[in-house]
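**Student:** Here's a structure for you.
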Amino acid sequence: MLKGKTALVTGSTSGIGLGIAQALARQGANLVLNGFGDPAAIEAAQASVAASGTATGMTVAYHGADMSKPAEIEAMMAFAAERFGMVDILVNNAGIQHVSKIEDFPVERWDAVIAINLSSAFHATRLALPAMKAAAGGNGWGRIINVASVHGLVASAEKSAYVAAKHGVVGLTKVTALENATTGVTCNAICPGWVLTPLVQKQVDAKAVAMKVSNEEAKKLLLGEKEPSMQFTTPEELGELAVFFCSPAANNVRGVAWNMDGGWTAQ
Ligand code: NAD
């Protein structure tokens, strides 16, 4: 379905970004991966995405831009354009978490969470839009998918920067959708509940220590607090939602914040 298109997924060396990159590769899109990790882990991520798309003839590239730095984001977008012509599908996914009460929240952590989880999406979007709007003979074609969170819709204590950034991402999604509503460029957000990635494993580990329980018990406690299904959403499921947003059936899906959260925000 996406043969001949190029997708750039930020923060795709791990977790949700990697799952989305694999799903888009299965549909034949070329992939530009981004994110941190040691060279062997980055190599493994590239190989797993290439393997997902192996039957389609797609190719994979990697750029190590630090998403907190606008100049590096500009270099990454220029690299993608030079390598593949343009970015047809932009997935703004890179993100970090910091858990602390507001009065104890380190200022440097606040700035980092806002830069990586929110401002990076603005920078990548502003740089991707001109080519998307010019595509398809000037009618425009593009897909911008912002990985927000249930925390773009509701709050939890001790996550001020993350909740502020993710609410911002949902707002940015709506504005991007509206500014391009008469073109073939759509923008939507995905709002996962708990997904068992390194980002959440850290919170499981912290709970296990704080509650003096096993890792398995800590996972159940974490799910039980918020997620009625008592199941983690998987990167594979989120990848398939991203594929749907890229499909012709989603041509008129614009500015939604689609939760995949086991019932978290239905409560
Ligand atoms: P993860 O830690 O597995 O992956 C994060 C990715 O971002 C990694 O590839 C990492 O290298 C990259 N990254 C971090 N800082 C970066 C920077 N400065 N520049 C470039 N890349 C950077 O986490 P994840 O759970 O897969 O999170 C991915 C996204 O999904 C985040 O935006 C997160 O907020 C969101 N999310 C996660 C969950 C969850 O439960 N795990 C739930 C809702 C939303």
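Bear in mind that the values in this text are calculations on the coordinates, not laboratory data. All values reported here derive from a predicted model rather than from experimental measurement. Please note: Cβ atoms are built from the backbone with ideal geometry, for glycine as well, and neighbour counts cover all protein chains shown.
**Student:** Counting other Cβ atoms within 10 Å, which trypsin sites (Lys or Arg not before Pro) in the stretch 22-123 have at most 11 and lie in a DSSP loop?
**Tutor:** Loop-located and lightly packed - Lys101.
**Student:** To make sure I understand, if each residue's beta carbon is the centre and we count other beta carbons within 10 Å, what order do Lys226, Lys212, Lys3, Lys219 fall in, fewest to most?
**Tutor:** Lys212, Lys3, Lys226, Lys219
**Student:** On to the next question. Please report the projected area of the chain's Cα convex hull averaged over all directions, in nm².
**Tutor:** Averaged projected area of the chain's Cα convex hull equals 14.1 nm².
**Student:** Also: Build a GNM of the chain with springs between Cα atoms under 10 Å: which of Ser120, Ser156, Ser14 gets the top mean-square fluctuation?
**Tutor:** It is Ser156.
**Student:** Treat the count of other C-beta atoms within 10 Å as a stand-in for reagent exposure and order Ser247, Ser12 from fewest to most.
**Tutor:** Ser247, Ser12
**Student:** Give me the one-decimal Kirkwood hydrodynamic radius in Å for the stretch 137-267, with the sum taken over alpha-carbon pairs.
**Tutor:** Computed over the stretch 137-267, the radius equals 15.9 Å.
**Student:** Let me ask something else. Compute the signed sum of charges (Lys and Arg +1, Asp and Glu -1) over the other residues within less than 14 Å, Cβ to Cβ, of Val91.
**Tutor:** Around Val91, the charge tally is 0.
**Student:** Is there a quick way to get the dipole size of the chain? I mean about its Cα centre, with the Cβ of Lys and Arg at +1 and of Asp and Glu at -1; what is the value in debye to the nearest 20?
**Tutor:** The calculated dipole for the chain is roughly 520 debye.
**Student:** For the chain, set up a GNM with springs between Cα atoms under 10 Å and report which of Thr233, Thr197, Thr59 has the largest fluctuation.
**Tutor:** So, out of Thr233, Thr197, Thr59, the one fluctuating most is Thr197.
**Student:** Could you pull out the pairs from Lys166/Lys202; Lys69/Lys207; Lys133/Lys166; Lys69/Lys174; Lys202/Lys226; Lys69/Lys202 whose alpha carbons sit more than 28 Å apart here?
**Tutor:** Lys69/Lys207
**Student:** Oh, and also: In debye to the nearest 20, how big a dipole does the stretch 136-267 give about its Cα centre with +1 on each Lys and Arg Cβ and -1 on each Asp and Glu Cβ?
**Tutor:** About 260 debye.
**Student:** OK, next. How are the alpha carbon pair distances in the stretch 23-159 distributed across 5 Å bins from zero to the largest one, expressed in percent?
**Tutor:** Spelled out per bin, shortest first, that is 2, 9, 16, 19, 19, 15, 10, 6, 3, 1, 0.
**Student:** Follow-up question, since we're still on this one. If each DSSP helix of 4+ residues adds -39,500 (n - 2.57) and the sum is divided by the residues in the chain, what number results at 222 nm, nearest 500 deg cm²/dmol?
**Tutor:** Result for the chain: -14500 deg cm²/dmol, rounded to the nearest 500.
**Student:** Okay, moving on. Quick check: Cα centre of the stretch 125-139 to Cα centre of the stretch 158-235, how many Å?
**Tutor:** 30 Å
**Student:** Could you list Ile20, Ile116, Ile190 in order of exposure, starting from the residue whose Cβ has the fewest other Cβ atoms within 10 Å?
**Tutor:** By the 10 Å Cβ count, ascending, the order reads Ile116, Ile190, Ile20.
**Student:** Another question, then. Given the options Phe105, Ser247, Asn139, identify the residue whose Cα lies farthest towards the positive end of the charge dipole of the chain (+1 on Cβ of Lys, Arg; -1 on Cβ of Asp, Glu).
**Tutor:** Asn139
**Student:** So, one more: What net charge is computed for the residues neighbouring Met132, neighbours being all others with C-beta under 12 Å from the C-beta of Met132, Lys and Arg scored +1, Asp and Glu -1?
**Tutor:** +2
**Student:** When ranked by the protection proxy of mean other Cβ atoms within 10 Å per residue, highest first, what sequence do the peptides 168-181, 137-150, 248-261 form?
**Tutor:** So the order, starting with the most tightly packed, is 137-150, 168-181, 248-261.
**Student:** Out of residues 5 or more away from Tyr62 or on other chains, whose amide H comes under 5 Å of its own, with H placed 1.01 Å from N in the peptide plane?
**Tutor:** Under 5 Å from the amide H of Tyr62: Leu33.
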